[in-house]
Amino acid sequence: MTCKLVMTLLSESQEGECGDDWKYVVEAKVFSEGLKGEGRISVPKHSLAVGATEPPFGNPGPEVIYSGDCLTELLVRLHLTATEVDLFMDDVGTASMEFKMECPGPGVSTISKEVDITAGVREAPAILNKHSVFTVSAKFELICE
């Protein structure tokens, strides 16, 4: 069965004291007996208030991260790099996660999964002891013919 896996960013949010100027990158790699595909969505510098949950800045379009055969399941590795942009030294946090998506069976054309990935960001220099938590929600759709 031929399928494509599409990643779409749904929302972004942040809690903490680091600041409100953010940029971030979400990268995904797809594995099924080896690396089969990869993609990334970059969101440029923008303001995001503490406690706000908003659609991703600039409404980045969906990214096809895999196109090919889907026999049993796909393993997706997701990586977030969140950066709070400062005048002298940016504050960066990263997070990784992975999950599996079962390939659809007969009569099923689309399977979707929503995930949240969260990165902790610490203000530099660390003597200030400020930190933020940056979260991105994403949707993965496995569309098969």
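Let me check I've understood the local charge: for Asp90, count other residues with C-beta under 15 angstrom from its C-beta, Lys and Arg +1, Asp and Glu -1. What total comes out? Combined, the nearby Lys, Arg, Asp and Glu give -2. To the nearest 10, the accessible area of His131 is 100 Å² with a 1.4 Å probe.
Applying a 4.7 Å Cβ-Cβ cutoff to the chain leaves Cys18 as cysteine residues with no disulfide-compatible partner.
Taking the inverse of the mean reciprocal distance over all distinct Cα pairs, the Kirkwood hydrodynamic radius of the chain comes to 16.0 Å. Can you classify region 1-55 as rounded, prolate or oblate using the Cα gyration tensor, where a ≥ b ≥ c are the square roots of its eigenvalues, rounded means a/c under 1.5, and otherwise it's prolate if a/b beats b/c and oblate if not? Taking the square roots of the gyration eigenvalues as a ≥ b ≥ c, region 1-55 is prolate.
Does region 71-141 come out rounded, prolate or oblate, given a ≥ b ≥ c as the square roots of the eigenvalues of its C-alpha gyration tensor, rounded meaning a/c under 1.5 and, failing that, prolate meaning a/b above b/c? Prolate, because a/c is 1.5 or more and a/b exceeds b/c.
Annotation note: trypsin sites (Lys or Arg not before Pro) in region 43-140 located in DSSP loop regions with a Cβ neighbour count of at most 16 within 10 Å are Lys130. Of Lys23/Lys130; Lys36/Lys113; Lys23/Lys100; Lys100/Lys130, which pairs sit farther than 24 Å apart, going by alpha carbon to alpha carbon? Checking Cα-Cα distances, Lys23/Lys100; Lys100/Lys130 exceed 24 Å.
Between the DSSP loop rule and a limit of at most 15 other Cβ atoms within 10 Å, which chymotrypsin sites (Phe, Trp or Tyr not before Pro) in region 61-145 are left?
On the way: sites: Tyr66, Phe88, Phe99, Phe134, Phe140; in loops: Phe88.
The qualifying sites are Phe88.
Net charge around Glu38, counting only other residues with Cβ within less than 11 Å of its Cβ (Lys, Arg = +1; Asp, Glu = -1)? Local net charge: +2.
The values are calculated or read from the model by the stated rules, or taken from the named source; none is laboratory data. Predicted, not measured: the structure shown is a model, and the values here were computed from it. Here the Cβ is made from the backbone with ideal geometry for all residues, glycine too, and neighbour counts use every protein chain on show. All accessible areas refer to the heavy atoms of the entire protein, side chains included, with ligands and DNA or RNA removed. Shrake-Rupley method; radii C 1.70, N 1.55, O 1.52, S 1.80 Å.
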